[in-house]
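A short write-up of the structure that comes next.
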Amino acid sequence: AVVSTQSTGGPNGGIITSLNLFATKFDQVLDILEQKDDVDFVLVDTPGQIEVFTWSASGTIISDAIARSYPTVIAYVMDTVRCTNPVTFMSNMMYACSIMYKTRLPLIAVMNKTDIVDNKFAVDWMNDFETFQEALDAHPSYSSNLSRSMSLVLDEFYKDLRTCGISAVTGQGCANFFKEVAKAAVEYQEDYVPYLEELREILQKRKEEEMESQLKKLKVDRGEEVALQDEMLSEEQTTNLPPSFSNLQDSDDNSDDGEVLYEESGMAEHSFDRFLKEHR
């Protein structure tokens with residue numbers, strides 16, 4: 001709240017500023033977590049504005065830092081009551097899809113408030129395309145037409161998506177949620193860790209290539225490669241040199257031509273002196 005009042009960017013600007021400040025000290029958070037040997041799970045609650053955390057630089061730094069240190073699973077919490085509207089449901093699915101592909105981490109779609117509305121309807125919509133189309137027909141609008149098209153695109157996404165119904169009030173579904181977390185942790189080891197190792201190899205290779213390039217530039221600046229370049233200069237390359245350099249190489253062979261040029265230049269000088277005398 002203090003940052004929000006001091007920031008000129010409003011509430012969202014205050015959240016981004018706070019997140020940036022938090023990211024600069026996040027190494028201290030990781031140090032604290034390393035000292036907690038008796039903790040099985042670490043829950044990181046992100047700001048309510050999805051775009052602020054998911055698509056900001058500081059949010060990416062924080063999520064990557066956690067994912068590279070511990071097995072990490074994303075729990076995308078949905079309001080089941082609001083998702084009874086098929087357009088709102090599709091909007092949540094789009095958010096979940098973008099987050100999963102942005103982070104490349106295992107994701108669980110957690111449908112909260114099942115003590116009010118059972119999440120079975122949402123599971124049916126994901127498993128049966130026709131059922132979702134019937135729900136959209138009951139809400140005719142431009143948004144429903146867009147949702148109908150997007151449902152075809154997300155059909156493959158649903159096959160690999162983990163879902164879980166839960167009630168934060170009654171605790172219903174918590175056991176099932178932790179089972180899904182355990183399965184997602186296995187997926188982390190099988191899919192994300194190899195991707196992380198591949199990424200590290202690419203970054204290491206880039207770093208080595210950059211260091212080698214800088215070393216070559218340093219050698220050139222110090223003149224250590226000048227002799228080597230002179231040795232590699234072949235006779236064919238010398239033919240492409242400017243006339244001034246080519247003439248220097250053939251100076252011994254053209255010594256007679258040099259004498260002729262000298263004599264001609266002397267005659268030209270004598271003629272010029274005589275011209276001056278005649279026109280005085």
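The values are calculated or read from the model by the stated rules, or taken from the named source; none is laboratory data. Bear in mind the structure is a predicted one, so any value in this text is a computation, not a measurement. As a convention, Cβ positions derive from the backbone with ideal geometry for all residues, glycine included, and neighbour counts pool all protein chains shown. Only protein heavy atoms, including side chains, enter the accessible area calculation; ligands, DNA and RNA are left aside. Shrake-Rupley method; radii C 1.70, N 1.55, O 1.52, S 1.80 Å.
The alpha-carbon atoms of segment 1-160, seen along their principal axes, cover 51, 41, 30 angstrom, with the largest extent given first. Estimated at 0.36 nm per residue, the fully extended path between Ile32 and Ala168 surpasses their Cα-Cα distance by 46.2 nm. Over segment 8-163, accessible surface divided per residue gives 58 Å², non-protein components excluded, 1.4 Å probe. Contact order for segment 80-128, expressed relative to its length and based on alpha carbon pairs under 8 Å spaced 6+ residues apart, stands at 50 percent. A simple packing score, the average count of other Cβ atoms within 10 Å per residue, orders the peptides 102-115, 73-86 as 102-115, 73-86, with the highest score first.
Can you give the extra length, in nm with one decimal, that the chain gains between Gln189 and His139 once fully stretched, where that is 0.36 nm per residue apart less the Cα-Cα distance?
This chain segment gains 13.8 nm when fully extended.
Note on Asp115 and Glu197: their simple-model spin labels are 4.5 nm apart, each label 7 Å out from Cα toward Cβ. Scanning residues 5 or more positions from Ala75 or on other chains, those with amide H under 5 Å from its amide H are Ile108, with H placed 1.01 Å from N in the peptide plane. With a ≥ b ≥ c taken as the square roots of the eigenvalues of the C-alpha gyration tensor of segment 88-180, please select rounded if a/c is under 1.5 and otherwise prolate if a/b is larger than b/c or oblate if it is not? Because a/c hits 1.5 or more and a/b fails to exceed b/c, segment 88-180 counts as oblate.
In segment 1-157, what percent of the accessible surface is made up of carbon and sulfur (1.4 Å probe, ligands and nucleic acids excluded)? Show your work: numbers first, answer last.
Details: 5180 of 9240 Å².
Accessible surface attributable to carbon and sulfur in segment 1-157 totals 56 percent.
A probe of 1.4 angstrom, applied to the heavy atoms of all protein chains, finds Lys159 with accessible area near 140 square angstrom. Placing R0 at 35 angstrom, the Cβ-Cβ distance between Gln204 and Asn127 gives a FRET efficiency of 0.20 after rounding to 0.05.
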